[in-house]
1. Return the residues of the range 62-93 that are at pLDDT 95 or above and assigned to a loop (DSSP other than H, G, I, E, B); say none if nothing qualifies.
2. Let me spell it out: the conditions are (1) closer than 22 Å to Ser172 by Cα; (2) in a helix (DSSP H, G or I), and Gly105 meets all of them except one. Which number is the exception?
3. Is the range 153-166 home to any residue that is in contact with a strand residue (DSSP E or B) (Cβ under 8 Å, 6 or more places away or on another chain) and hydrophobic (A, V, I, L, M, F, W, C)?
4. Among what's in the range 96-111 and is open to solvent by less than 40 Å² (accessible area, probe 1.4 Å) and among the aliphatic types (A, V, I, L, M), pick the residue that is nearest to the chain's Cα centre (by Cα).
5. Consider Pro197 against the criteria (1) in contact with a helix residue (DSSP H, G or I) (Cβ under 9 Å, 6 or more places away or on another chain); (2) modelled with pLDDT of 75 or more; (3) part of a loop (DSSP other than H, G, I, E, B): it satisfies all of them except one. Which criterion is unmet?
6. Residues being open to solvent by less than 40 Å² (accessible area, probe 1.4 Å) and in a helix (DSSP H, G or I): count how many of those fall in the range 165-188.
7. With (1) over 21 Å from His51 (Cα atoms); (2) in contact with a Lys or Arg (Cβ under 9 Å, 6 or more places away or on another chain); (3) in a helix (DSSP H, G or I) as the list, and Gly119 as the residue in question, which single condition is left unmet?
8. Quick one: which of Lys129, Lys74 is of a type outside the set (Val, Ile, Thr) and free of Cβ contacts under 8 Å to residues at least 60 places away in the same chain?
Amino acid sequence: MTETHLRERAANMADDSDIRHFFATDFLVVGFFTPNYEPAARAFAQNLAEHRISHHLYARPIVEGDWYSQTRQKPTVLAHARRDYPNENLIFMDVDCRVRGDISGILNTRGDVVMRTKGTAKGTQRALKPTTRVLLLRPTPGADAFIAGWEGTCRSAGPGQSAEFMLIHAMSDSPEIYSVGTLPIRLAGIELHDAHPDAVIVHDSIRDPTRPAWALRRGAQKYFRAGRNAAYRLATGKTYDELYGKRRAGQKIQ
């Protein structure tokens, strides 16, 4: 894929509010943003440009419904990107991700679709949950089948059901249609405060004012952690984080 080829293709697209910048890379980062996320999208685009990574971030309206309704635009954006760039490896990222170096190693993975799966626990039960913060799509019929299935389940979603929640249903109903690979953790967009120092793609969650419950929970966690650290320092001379090696801003406390 050449920069000239991409620029010519972009010139044929409608002039809109999308954010695009093209370099000579073997992949294209795609994502989307609603108006309240535009500052984050522009910061992300600048971050990608600094690393000379081609990208196309799609401007999308805020749709009717809750925050989860906005996330369900993901497969529709991916379907649009597949039509715009049918021969390219597409790396979808949330716009509050950050790149800290060369991400081309993501192409060394296998599968029509490559994503992170993380373990979740409820009581004694454990399960794997797909996460779509970072997602590689290859230019294959399998990838198209994945998008179509995901988009279909999102159309039937109810209130409070996120894109990832609906993806579980789509994947469970789609045996042998596409292959799914697993992203290395360093490329999976782990939260900044939990990411290992050598992580190349990290995630720095936005405090979205449309999600007051989320912001309240994060605030409560912050104050609880500060109080716990203070109590442990009084009792032991070290904070809880220092005693148990918790991570802070991507660095493990020694």
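1. Tyr85, Pro86, Asn87, Glu88
2. (1)
3. Yes, that holds for at least one residue.
4. Selected residue: Val99.
5. Every condition holds for Pro197 apart from (1).
6. Total satisfying the criteria: 4.
7. All conditions pass for Gly119, except number (3).
8. Lys129
The values are calculated or read from the model by the stated rules, or taken from the named source; none is laboratory data. The shown structure was predicted, so the numbers you read here are calculated from the model rather than taken from an experiment. So basically every Cβ, Gly included, is an ideal-geometry build from the backbone, and we count neighbours across all protein chains shown. Ligands, DNA and RNA are excluded from the accessible area calculation, which covers all protein heavy atoms including side chains. Shrake-Rupley method; radii C 1.70, N 1.55, O 1.52, S 1.80 Å.
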